[in-house]
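One structure is given below, encoded as structure tokens.
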Amino acid sequence: MKDITILAIESSCDETAAAVVRNGRTVLSNVISSQIDLHTLYGGVVPEIASRKHVEKINQVISLSLQEADLTLDDITAIGVTYGPGLVGALLVGVAEAKAIAFAKKMPLIGVHHIEGHISANYIEHPDLEPPFLCEVISGGHTHLVIVRDYGVFEILGRTRDDAAGEAYDKVARAIGLGYPGGPKIDRVAKEGNPEAIEFPRTKIDRAGRGTLTYARGSRETGPYDFSFSGLKSAVLNYLNKCEMTKTPWNQADVAASFQAAVVDDLVDTAMRAAEDYDVKKFAIAGGVASNSSLRAAMQQACEARGISFYHPSPVLCTDNAAMIGTAAYYEYLKGTRSGWDLNAVPNLKLGER
């Protein structure tokens, strides 16, 4: 069988990335230009600045990715590009670039769903991983629990109903003086704190009722595997406000550790309940928060206790990158997926939609 070589482009948020992936699982290059230092000045991602920086960097990262792979555009089989979800301006830069290259070189164009890319990152480092399996996607904008039925075929069991896990990390990090990006900073500081110092609330599922999400105050109807981190975020802010009002000192590391313990408990508990209910033997995590050391350790322990094989990408493949988009594009290419010249950015694209 002839090799299929994908040039992939990712620009959904604040990383401008390009990669060359051969036959879905061999990464020949993976170039990432991060904007973290720039957005740190503003305490978070500024969409207009992100878009302008993508325009500035995208040709450079594509050229470097081809150079590192020791290939030219004439060696490329197809172009894969993230077209949603994400920041619309940022997405448009990648989509326009991919369309221009595909048109000029008369090669197939494949639009890729960003979350499908995150899930596909697991295929790169785990040659033995094949669908079906259960995957928890945890990032700044998304928290999904998904059964991967086949390549590009997903059954969504649960999703966040408010803040995503990574979003809660960023907001809490800002509140306790750590700044942006919150995930890695809380993960680092939490190692010095006591995770049992403060009892922050966990989201509880009424499994008998199969659909009631219970908070410290009240409840509302939702799915049995859904997530909610808004209440936890509010609990942390309320704790800090109470300490300020009563002039009570608080410990940054203890708050970080206690908050992280609550997030990890929720993510692990929900995933393992679904794994037991669906008799899953393979479980994977993906997304930026999947690089969290506490989460990875807790998931590993929970899976081992249940005889479940646990898969996770290395940290560089958890954050936004183009290698994962190239892998997803490869399997879409095999299925015959082709995008037209009308491919557009879809900032709120749902998983499974095209």
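The values are calculated or read from the model by the stated rules, or taken from the named source; none is laboratory data. Everything quoted here is computed from the prediction, not taken from an experiment. Counting neighbours? That spans all protein chains shown, and the Cβs are built from the backbone with ideal geometry, glycine included.
Overview of values
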| item | result |
| --- | --- |
| Cβ-Cβ under 6 Å pairs, at least 6 apart or on other chains, the range 101-128 side acidic (Asp, Glu), far side crowded, with 24+ Cβ neighbours inside 10 Å | Glu116/Ala328; Glu125/Pro313 |
| Test: residue in the range 158-169 that is farther than 20 Å from Val189 by Cβ and of a type in the set (Gly, Ala, Ser) | yes |
| Residues of the range 254-295 satisfying the condition of being surrounded by fewer than 19 Cβ atoms within 10 Å (Cβ to Cβ) and small (Gly, Ala, Ser) | Ser293, Ser294 |
| Filter pass, Val20 being in contact with a strand residue (DSSP E or B) (Cβ under 6 Å, 6 or more places away or on another chain) and not assigned by TED's automatic domain parsing to the domain that holds Pro184 | yes |
| Residues satisfying the stated conditions in the range 4-56, i.e. surrounded by fewer than 20 Cβ atoms within 10 Å (Cβ to Cβ), acidic (Asp, Glu) and under 20 Å from Ala96 (Cα atoms) | Glu48, Glu56 |
| Only listed residue being of a type outside the set (A, V, I, L, M) and more than 30 Å from Ile6 (Cβ to Cβ), chosen from Gly336, Gly307 | Gly307 |
| Conditions (1) among the aromatic types (Phe, Trp, Tyr); (2) under 20 Å from Val137 (Cα atoms); (3) at pLDDT 95 or above; number of the one not met by Phe227 | (3) |
| Helices (runs of 4 or more DSSP H) wholly inside the range 80-183 containing at least 3 residues that are among the aliphatic types (A, V, I, L, M) and within 23 Å of Leu295 (Cα to Cα) | 114-125, 165-175 |
| Residues that are at pLDDT below 95 and surrounded by fewer than 22 Cβ atoms within 10 Å (Cβ to Cβ), drawn from the range 128-151 | Asp128, Gly141 |
| Entirely in the range 262-354, the helices (runs of 4 or more DSSP H) that have 3 or more residues that are more than 20 Å from Ala168 (Cα to Cα), free of Cβ contacts under 8 Å to residues at least 60 places away in the same chain and not assigned by TED's automatic domain parsing to the domain that holds Thr26 | 293-306 |
| Residue in the range 294-306 that is more than 15 Å from Ala271 (Cα to Cα), at pLDDT 95 or above and in contact with a helix residue (DSSP H, G or I) (Cβ under 7 Å, 6 or more places away or on another chain) present | yes |
| Selection count where residues are under 20 Å from the mean Cα position of the chain (by Cα) and of a type in the set (S, T, N, Q), scope the range 20-63 | 6 |
| Yes/no for Ser51 being closer than 30 Å to Asp128 by Cα and of a type outside the set (Asp, Glu) | no |
| Breaking point among (1) closer than 25 Å to Val236 by Cα; (2) surrounded by fewer than 22 Cβ atoms within 10 Å (Cβ to Cβ), for Ala164 | (2) |
| Qualifying residue in the range 280-296 (condition: more than 16 Å from Leu134 (Cβ to Cβ) and hydrophobic (A, V, I, L, M, F, W, C)) | yes |
| Members of the range 278-290 that are touching a strand residue (DSSP E or B) at 6+ places or on another chain (Cβ under 9 Å) and not basic (Lys, Arg) | Tyr278, Val280, Phe283, Ala284, Ile285, Ala286, Gly287, Gly288, Val289, Ala290 |
